[in-house]
Each structure stands twice: as structure tokens, then as C-alpha cells.
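Trainee: Sharing a structure with you now.
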């Protein structure tokens, strides 16, 4: 009788583990292929403008760098800024423009969390955007730096728009 109970227990345990593994495979992730498509879209956007050359960083949901591109002539100092914009937007899943408003305020009103701007990696100005699936799952973020903050953000949005159909 104990052998039967043990066998049933093992079967149920194996089923539960298999079900969890299957569920993990369905969690959306930032792939290198997707990141490259986003970088390509941002670079095309920049080439069709008079913007400065850009640094473009894509991180996954754990803030790990997936892909990076530095266009010829892009400012060396903005390499870290691009990476940190992406990290900022994934760790605090808001656009870095919103992080700036939370830190410094908007329209003459003080920021709700002024100390936020003192966190080492946070970049509190536009150019970083979270990347979410259509279901709202955060899969990563993009950070762009080298042009004006508004242009950086516009390029980041163009990159996300270019892959929107792939964000299922």
C-alpha cells in the first residue's frame, strides 16, 4: 500500500514540476533578435534626421544588457547614460521622463520623491522607455543617449513601435 501511495505522490510531483516548466517557457523574454531589430529601427530613425549619433542600449527584465550599439561619432560619455537609462526604465518601470518628474517635479510643482535623483544608476531625464508586451508583461527597456533628451526618447519610441507586432 505504501508503494502505491509513493508512486501516486511521485506522479503528482512530476506532473506539477512539468506544468511549472511549461509555464516558465511561456513567460515572454527579451531576445537578442528582438533587441537587434529595435536597435536597427532606432538607427534608421537617427539617419533620417539631423540628430547627433546615438548610443542605444537594450536590457532585459533583470536589467542585464542584451544589446548595445554605438554609432560612429557618438559621445563616449553617453555610453553609460544610454545603459543607465535602460536600467532605470526597467528597475522603475516608467519612462525616464516620468522618473525626472517624480524626482524634480513638473510645471513648478516639487517632485514627490526628490531623493530618487540621488540613486547612482538612475537617469532622471528622457530617453529611456520600458518595453512591455501587449499583456503588460515587462520584458526589458531601451535607453538612448547622444542627441537631445526629447530626440533620444523619440528614437526609443520608434524602436518599440517597430517591433510592436512582435510584443505578444
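Trainee: Name the one entry in 136, 127, 140, 146 that is on the phi > 0 side of the Ramachandran plot and out of contact with any strand residue (DSSP E or B) (no Cβ under 9 Å at 6 or more places or on another chain). Break it down into steps so the answer makes sense when it comes.
Mentor: On the way: 127 fails: out of contact with any strand residue (DSSP E or B) (no Cβ under 9 Å at 6 or more places or on another chain); 140 fails: out of contact with any strand residue (DSSP E or B) (no Cβ under 9 Å at 6 or more places or on another chain); 146 fails: out of contact with any strand residue (DSSP E or B) (no Cβ under 9 Å at 6 or more places or on another chain).
Going through 136, 127, 140, 146 in turn, just one is on the phi > 0 side of the Ramachandran plot and out of contact with any strand residue (DSSP E or B) (no Cβ under 9 Å at 6 or more places or on another chain): 136.
Trainee: Given the residues 57, 74, 82, which is the only one that is over 13 Å from the mean Cα position of the chain (by Cα) and either under 22 Å from residue 124 (Cα atoms) or surrounded by fewer than 17 Cβ atoms within 10 Å (Cβ to Cβ) (or both)?
Mentor: On the way: 57 fails: over 13 Å from the mean Cα position of the chain (by Cα); 82 fails: over 13 Å from the mean Cα position of the chain (by Cα).
Result of the check over 57, 74, 82: 74.
Trainee: Looking at the stretch 103-124, is at least one residue in contact (Cβ under 8 Å) with a residue 40 or more places away in the chain, within 11 Å of the chain's Cα centre (by Cα) and more than 14 Å from residue 29 (Cα to Cα)? Steps first, please.
Mentor: Kept after step one, since they are in contact (Cβ under 8 Å) with a residue 40 or more places away in the chain, are these residues of the stretch 103-124: 123.
Those still in the list that are within 11 Å of the chain's Cα centre (by Cα) too: none.
There is no residue in the stretch 103-124 that is in contact (Cβ under 8 Å) with a residue 40 or more places away in the chain, within 11 Å of the chain's Cα centre (by Cα) and more than 14 Å from residue 29 (Cα to Cα).
Trainee: Can you name the residue in the stretch 28-61 that is in contact with a strand residue (DSSP E or B) (Cβ under 9 Å, 6 or more places away or on another chain) and assigned to a loop (DSSP other than H, G, I, E, B) and, of all such residues, is modelled with the lowest pLDDT?
Mentor: For the stretch 28-61, the residue satisfying everything is 28.
Trainee: Inside the stretch 62-86, can you point out the residues that are within 21 Å of residue 32 (Cβ to Cβ), out of contact with any strand residue (DSSP E or B) (no Cβ under 6 Å at 6 or more places or on another chain) and in a helix (DSSP H, G or I)?
Mentor: Within the stretch 62-86, just 84 meets the criteria.
Trainee: With 114, 95, 110 as the choices, which residue is farther than 15 Å from residue 42 by Cα and buried (at least 21 other Cβ atoms within 10 Å of the Cβ)?
Mentor: Details: 114 fails: buried (at least 21 other Cβ atoms within 10 Å of the Cβ); 110 fails: buried (at least 21 other Cβ atoms within 10 Å of the Cβ).
That would be 95, the only listed residue that is farther than 15 Å from residue 42 by Cα and buried (at least 21 other Cβ atoms within 10 Å of the Cβ).
Trainee: Considering the stretch 130-168 alone, what residues qualify as being surrounded by 18 or more Cβ atoms within 10 Å (Cβ to Cβ) and either at pLDDT below 95 or closer than 11 Å to residue 34 by Cβ (or both)?
Mentor: Residues satisfying the conditions are 131, 139, 140, 142, 159, 160.
Trainee: Could we say that residue 93 is under 16 Å from residue 131 (Cβ atoms) and part of a loop (DSSP other than H, G, I, E, B) here?
Mentor: Working: under 16 Å from residue 131 (Cβ atoms): yes; part of a loop (DSSP other than H, G, I, E, B): yes.
Answer is yes for this residue.
Trainee: Can you pull out every residue in the stretch 152-168 that is touching a strand residue (DSSP E or B) at 6+ places or on another chain (Cβ under 8 Å) and assigned to a helix (DSSP H, G or I)? So that I can check it myself, show each step before the final result.
Mentor: The initial filter retains those residues of the stretch 152-168 that are touching a strand residue (DSSP E or B) at 6+ places or on another chain (Cβ under 8 Å), namely 152-153, 155-157, 159-160, 167.
Answer for the stretch 152-168, where residues must be touching a strand residue (DSSP E or B) at 6+ places or on another chain (Cβ under 8 Å) and assigned to a helix (DSSP H, G or I): 152, 153, 155, 156, 157, 159, 160.
The values are calculated or read from the model by the stated rules, or taken from the named source; none is laboratory data. These numbers come from a predicted model, not from an experiment. Cβ sites come from the backbone with ideal geometry, for glycine too, and all protein chains shown count toward neighbours.
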